[in-house]
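Here the structure comes first, spelled out in structure tokens, and everything after it is commentary.
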Amino acid sequence: MSVLTVDDLRVSYRTRAGRREVVHGVGFDIADGEVVALVGESGSGKSTTAHALLGLLPEGGEVDAGVIRLGDVDISGWTGKRLQSVRGAQVGLVPQDPTTSLDPVRPIGVQVAEILKLHGSRDRDANRARVLELLERVGLDDPSLRAKQYPHELSGGMRQRVLIAIAIALRPRLIIADEPTSALDVTVQRRILDLIDDLRREEGTSVLLVTHDLGVAADRAQRIVVLKDGQVVEQGATDDILAAPRDAYTRQLLADAPALATGDFRRPRPALFLRDASAAASEDPYAVVAEGLRKEFRIAGREAFRAVDDVSFRIRRGTTHALVGESGSGKTTTARLVTRFLDPDAGHIRIDGTDVAALRGRQLRELRKTVQLVYQNPFSSLDPRQSIAQIVGEPLANFGLGSRTERRATAAALVERVALPSDVLERSPRELSGGQRQRVAIARALAIDPEVVVLDEAVSALDVTVQARILELLESLQQELGLTYLFISHDLAVVRRISHTVTVMRRGRVVEEGTTEDLFRHPHHEYTRELLAAVPGRKEAVA
């Protein structure tokens with residue numbers, strides 16, 4: 001008997017124009033102890049499907065038809081109140097974002113104990129013992145201390161472990177993991193997925209893994225269900241789908257997943273892609289040179305924290321250099337030093353031969369014409385009160401370049417260059433998708449014709465298909481304009497695709513550097529090998 005059976009599930013949302021169906025006849029099942037991955041882009045209906053199973057649709061959402069059977073019990077017509085007896089006890093949910101899923105004003109132990117109390121356990125001592133057991137079970141050190149701490153005192157990976165502890169507290173038969181690692185570094189991601197795998201093997205728990213990452217699905221799932229526009233386009237055994245996908249959309253997902261790429265390594269491009277090859281040949285071949293960078297942050301009552309410690313690297317003109325490492329490795333701080341949004345405590349940064357570490361005032365302002373930064377989250381970096389035309393043309397206005405008409409014409413040309421339709425010029429950022437907003441951020445960065453573009457986790461928040469299109473755009477712009485990129489990322493699969501050279505950072509220091517090909521084929525440092533081993537897309541993790 002299947003743990004979960006879903007048949008002809010249909011879900012709609014209330015809109016101004018009436019109800020709009022977003023999930024169209026979805027069906028699949030999950031056997032005892034099986035991992036089934038629900039895969040698709042944002043908007044494919046995978047999270048809506050997962051939330052519909054537990055009656056957790058947002059306001060306006062409604063299950064219109066279909067069967068949802070837990071074991072041999074059809075729960076599809078149950079009220080939200082009746083479904084409370086199912087949530088936690090029979091089905092545990094691990095949500096995507098631990099930051100918003102945990103109450104910031106209550107200790108961790110209280111929040112884990114709540115699921116026990118909701119299902120009738122009133123023995124305070126027994127609940128406390130169970131909370132400590134759960135925190136230890138999910139791999140948190142010093143459970144007694146962690147139980148007293150608040151969410152902000154834990155790392156992202158630790159908060160995700162707390163959500164898993166809550167999900168498994170009542171030993172449910174099924175865990176629904178909704179993008180449980182999408183915001184985590186690859187090494188932390190691997191540990192969280194290993195933990196879920198261990199729990200599955202030891203407890204016989206089944207898992208519905210909701211993910212946009214086919215590399216994760218390839219590693220962890222026995223079967224894959226591919227969703228597109230609210231419909232199942234393909235499902236079957238993982239090995240079969242990876243080896244011979246039948247649907248064109250599945251083939252596109254596989255082609256776009258960097259972790260599953262067959263793996264041509266990028267090499268430095270020839271001089272014809274440089275802005276002025278003949279001039280560059282007689283000058284310094286490096287667009288960016290960083291030497292001995294150091295940056296400390298002082299915290300009241302504590303010893304200064306050294307975020308960047310003697311970091312050096314060089315970037316050849318017209319190539320892409322990647323800084324990789326986990327959160328806290330110092331890569332983003334290094335990027336902010338290069339762009340001079342932070343001042344280094346020591347070291348030198350030369351851009352086109354000029355030492356920019358000493359620049360102040362007008363000279364520092366002029367640096368913005370040479371170096372531009374593209375952030376991870378384009379929504380927070382785009383002014384919601386401005387139109388796209390105003391946003392893209394803003395750097396020109398800031399430097400007093402061109403008339404209003406000329407700036408608009410430049411914005412229109414840039415929007416076309418990043419493959420956006422012209423009608424986006426009058427829209428606001430909230431009217432665009434994540435991928436479209438990132439294209440706007442890139443267009444804005446190009447507005448004043450920079451030499452160097454720093455991309456800080458610029459594709460990490462995007463689905464693999466959108467991510468692939470943005471990477472293609474960056475590569476074509478580099479070839480067309482001779483741009484030099486400093487690419488900040490924790491995702492080695494993406495780094496492998498786009499970069500020519502790599503610096504690996506850990507705890508503020510450089511542990512290894514070299515060409516992308518050499519580093520991926522012959523990593524020397526144990527930490528680099530650990531990062532590479534954590535890249536999803538390997539099958540050995542599936543039992």
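Coordinate-derived values only; no laboratory data. These numbers were taken from a predicted model, which means no experiment stands behind them. Quick reminder, even Gly has a Cβ in these numbers, built from the backbone with ideal geometry, and neighbours come from all protein chains shown.
One table, with the values for the structure above:
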item: Förster radius 25 Å - calculated FRET efficiency between residue 126 and residue 106 (Cβ-Cβ, nearest 0.05); result: 0.80
item: Degrees, to the nearest 10: 108-118 long Cα axis against longest axis of the chain; result: 30 degrees
item: Value of relative contact order over the chain, rounded to a whole percent, pairs C-alpha under 8 Å and six or more apart; result: 16 percent
item: Listed candidates (1) 35, 28, 23; (2) 43, 28, 23; (3) 48, 28, 20 - label of the one calculated as semi-axes √(5λ) of the Cα gyration tensor in Å; result: (2)
item: Formal net charge of residues neighbouring residue 204 (Cβ-Cβ distance under 13 Å; K, R +1; D, E -1); result: -2
item: Proximal lysines relative to residue 117, as straight alpha-carbon distance under 26 Å, when same-chain residues fewer than 8 apart are discounted; result: 81, 148
item: Ranked packing of 479-486, 36-43, most packed first, by mean Cβ within 10 Å; result: 36-43, 479-486
item: Mean Cβ neighbour count within 10 Å, used as a protection proxy, ranking 400-407, 325-332 highest first; result: 325-332, 400-407
item: Spatially proximal lysines relative to residue 331 (Cα-Cα < 26 Å; intrachain offsets below 8 disregarded); result: 295, 369
item: 222 nm mean residue ellipticity, helices alone, for the chain (DSSP H n ≥ 4; -39,500 (n - 2.57); rounded to 500); result: -10500 deg cm²/dmol
item: Contour minus Cα-Cα distance for residue 17 and residue 237 (0.36 nm per residue); result: 75.2 nm
item: Residue-span extension gain [residue 148 to residue 73] - 0.36 nm each, minus C-alpha spacing; result: 23.1 nm
